[in-house]
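Since every read-out is calculated from the coordinates, none of them should be taken as a lab result. Not measured: the values here are computed from a predicted model. With ideal geometry, Cβ positions are generated from the backbone for all residues, glycine too; neighbour counts draw on all protein chains shown.
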Amino acid sequence: MIAVIAKIPVRPGTKEVALKEVKTLMAKVAEEKGTLHYTVNIDQNNPDTLVFMERYKDMAALGAHGSTPHFQEFMEKSMSFVAGPPEIVVLDEIHSIR
């Protein structure tokens, strides 16, 4: 299993636009077969940072997610609200509980 944590800084005053685009993205991500878990969160210490927590069946599923038209469209739209480069960590999940 692959886990991803992606921190995306958003420009002050654009968080509502960002969250609207994220919700649109998430509706399509829910249909991806290899995507097991996908959440967006607000960093309590930095409310202008969106934190995505993601789980994928394998690296192929992560790659498929990144190449979908809906993800590419989100990336294009994100240029209007992203404040800087994202911080992305890809992890090999060893153990989890539900």
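General observations
- Segment D58-E87, length gained on full extension (0.36 nm per residue, minus Cα span): 8.4 nm
- Extension gain, N45 to A30, is 2.6 nm, computed as 0.36 nm per intervening residue step minus the present C-alpha separation.
- D_trans [Stokes-Einstein, Kirkwood Rh over alpha-carbon pairs] for the stretch 6-57, 37 °C, 0.692 mPa s, µm² s⁻¹: 282
- Two-decimal Rg/Rh across the chain, once Rg and the Kirkwood Rh are taken from alpha-carbon atoms: 0.96
- Positive-end extreme of charge dipole, the chain - chosen from I88, S67, T35 (charges on Cβ): T35
- Exposure proxy ranking, count of Cβ atoms within 10 Å, fewest first, for K77, K20, K33: K33, K20, K77
- Charge dipole (Cα centre; +1 on Lys/Arg Cβ, -1 on Asp/Glu Cβ; no other charges) of the chain amounts to roughly 200 debye.
- Calculated [θ] (222 nm, deg cm²/dmol) that DSSP helices of n ≥ 4 give over the chain, each run adding -39,500 (n - 2.57): -10000 deg cm²/dmol
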